[in-house]
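I have placed the structure first, in the form of structure tokens, so that the comments after it can refer back to it.
The values are calculated or read from the model by the stated rules, or taken from the named source; none is laboratory data. Because the structure is predicted, anything quoted here is derived from the model rather than measured. Cβ placement follows ideal geometry from the backbone for every residue including glycine, while neighbour counts extend to all protein chains displayed. The area values use the complete protein model at the heavy-atom level, side chains included, leaving out ligands, DNA and RNA. Shrake-Rupley method; radii C 1.70, N 1.55, O 1.52, S 1.80 Å.
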Amino acid sequence: VSEVLQLFGEPFVLKGIEFFVTCSAGVAVYPNDGDDPEQLLKNADMAMYTVKNKGKNAYAFSSSLMKEDMTERIELTNHLYRALERNELEVYYQPQISVVNNRIVGFEALLRWNHPTKGLLLPGKFISLAEHSRLINPIGLWILETVCQQIKQWEELNLDDIKIAVNVSPIQFLDPEFFFIIRD
């Protein structure tokens, strides 16, 4: 496999134009990774996508750890589809403190997922899944609505001039409606 990857180290030239191509490969070995072509291809494919997620132009052998990770990712993604309707998502407000006067100058809205069996999950565990599945758009909308409701509650308590930073995924910027959502 290493020799094949080396072949892709130099550009291919077609009609005087250089093309740089990368190669990602997943390797599954009989019988450890499957005893039929279908299972072997599935595990090799999983190994290849693991390589692609880590930066491409490499290879990886299928492993039990990789299979466990993929199973967990699939399970979490399936649960994430229901997280909003089950009220499992929560926003925490982390204070932003001025170093000049040691006072709160704003907050950062931080998303957490109260998973029914895995407990409190931090964004690093599920945001990439939300982005990959495009669930980040409805989740992002929910966060914005939740933050706006919180600001309104604080204003009703005469807490004025509240600034809250909300993290936005690059995927959300691809939504043609995003500008209008923010404006509204």
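Brief remarks on what is shown
- Residue pairs whose Cβ atoms lie under 6 Å apart, separated by 6 or more positions or on different chains, with the first residue in region 71-91 and among the polar types (S, T, N, Q) and the second part of a helix (DSSP H, G or I), are 77/129; 77/133.
- Within region 122-150, being out of contact with any helix residue (DSSP H, G or I) (no Cβ under 8 Å at 6 or more places or on another chain) and either of a type in the set (A, V, I, L, M, F, W, C) or free of Cβ contacts under 8 Å to residues at least 12 places away in the same chain (or both) holds for 122, 124, 128, 142, 143, 145, 147, 148, 149.
- Filter pass, residue 137 being surrounded by 15 or more Cβ atoms within 10 Å (Cβ to Cβ) and among the polar types (S, T, N, Q): yes
- Breaking point among (1) open to solvent by 30 Å² or more (accessible area, probe 1.4 Å); (2) in contact (Cβ under 8 Å) with a residue 40 or more places away in the chain, for residue 153: (2)
- Single residue of region 44-97 satisfying the filter (β-branched (Val, Ile, Thr) and either assigned to a helix (DSSP H, G or I) or open to solvent by less than 50 Å² (accessible area, probe 1.4 Å) (or both)) that is nearest to residue 108 (Cα to Cα): 91
- Region 156-177, subset open to solvent by 100 Å² or more (accessible area, probe 1.4 Å) and assigned to a helix (DSSP H, G or I), residue nearest to residue 123 (Cα to Cα): 173
- Picking from residues in region 1-43 that are charged (D, E, K, R), more than 21 Å from residue 71 (Cα to Cα) and outside any loop (DSSP other than H, G, I, E, B), the one that is least open to solvent (accessible area, probe 1.4 Å) is 18.
- Qualifying residue in region 131-140 (condition: in contact with an Asp or Glu (Cβ under 9 Å, 6 or more places away or on another chain), hydroxyl-bearing (Ser, Thr, Tyr), outside any loop (DSSP other than H, G, I, E, B) and under 22 Å from residue 181 (Cβ atoms)): no
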